[in-house]
């Protein structure tokens, strides 16, 4: 798309619905959309990627599907948060393991996963993050 092109309200609504799929845990619907050409690293106006939203909402199947399709674990939203930090905050050990296995950096971002674990006194999460 060139800078001259704009999306219609219908197209914008469709793209917004992708974030709902990530939040709601619809791994099949989101996988089909990404496989059909929706960017796996689609980001909303707050800088939240599909992966960050899925991790925050503890949607393990969506996180797995996005990672299988090449989602970037290094995305940082406008608040300095990553998918790994979101998973740590929500105390989702399974998603933390998935993200670490995909190469997520526990020290990435101004509000890193390590910072979250320390700030909220989450020793079980800190044990997963520290070698």
Scope the stretch 56-95; condition farther than 18 Å from residue 29 by Cβ and part of a helix (DSSP H, G or I); matching residues: 56, 83, 84, 85, 86, 87, 88, 89, 93, 94, 95
Give the stretch 112-127 a look and list any residue that's in contact with a helix residue (DSSP H, G or I) (Cβ under 6 Å, 6 or more places away or on another chain) and surrounded by fewer than 18 Cβ atoms within 10 Å (Cβ to Cβ), or say none. 126
Listed by first then second residue, the pairs whose first member lies in the stretch 73-100 and is modelled with pLDDT under 95, whose partner is exposed (fewer than 15 other Cβ atoms within 10 Å of the Cβ) and part of a helix (DSSP H, G or I), with beta carbons under 9 Å and at least 6 positions apart or on separate chains, are none
Is it the case that some residue within the stretch 72-94 is surrounded by fewer than 20 Cβ atoms within 10 Å (Cβ to Cβ), over 30 Å from residue 123 (Cβ atoms) and under 12 Å from the mean Cα position of the chain (by Cα)? no
Within the stretch 1-31, which residues are loosely packed, with under 13 Cβ neighbours inside 10 Å and either within 10 Å of the chain's Cα centre (by Cα) or modelled with pLDDT of 95 or more (or both)? 20, 28
Within the stretch 29-44, track down each residue that is within 13 Å of residue 15 (Cα to Cα) and outside any loop (DSSP other than H, G, I, E, B). 29, 30, 33, 34, 43
Name the residue, out of 36, 65, that is at pLDDT 95 or above, out of contact with any helix residue (DSSP H, G or I) (no Cβ under 9 Å at 6 or more places or on another chain) and over 20 Å from residue 107 (Cα atoms). 36
Filter result for residue 47 (in a loop (DSSP other than H, G, I, E, B) and at positive phi): yes
Within the stretch 33-56, restricting attention to residues that are in contact (Cβ under 8 Å) with a residue 24 or more places away in the chain and surrounded by fewer than 17 Cβ atoms within 10 Å (Cβ to Cβ), which residue is nearest to the chain's Cα centre (by Cα)? 41
Sort out which residues of the stretch 96-111 are touching a helix residue (DSSP H, G or I) at 6+ places or on another chain (Cβ under 6 Å) and not in a loop (DSSP other than H, G, I, E, B), and write them in order of number. 96, 98, 99
May I ask you to list the residues in the stretch 21-32 that are free of Cβ contacts under 8 Å to residues at least 40 places away in the same chain and touching a helix residue (DSSP H, G or I) at 6+ places or on another chain (Cβ under 9 Å)? 23, 24, 25, 26, 27, 28, 29, 30, 31
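The values are calculated or read from the model by the stated rules, or taken from the named source; none is laboratory data. Because the structure is predicted, anything quoted here is derived from the model rather than measured. Methodologically, a virtual Cβ is constructed for each residue, glycine included, from the backbone with ideal geometry; neighbour enumeration extends over all protein chains shown.
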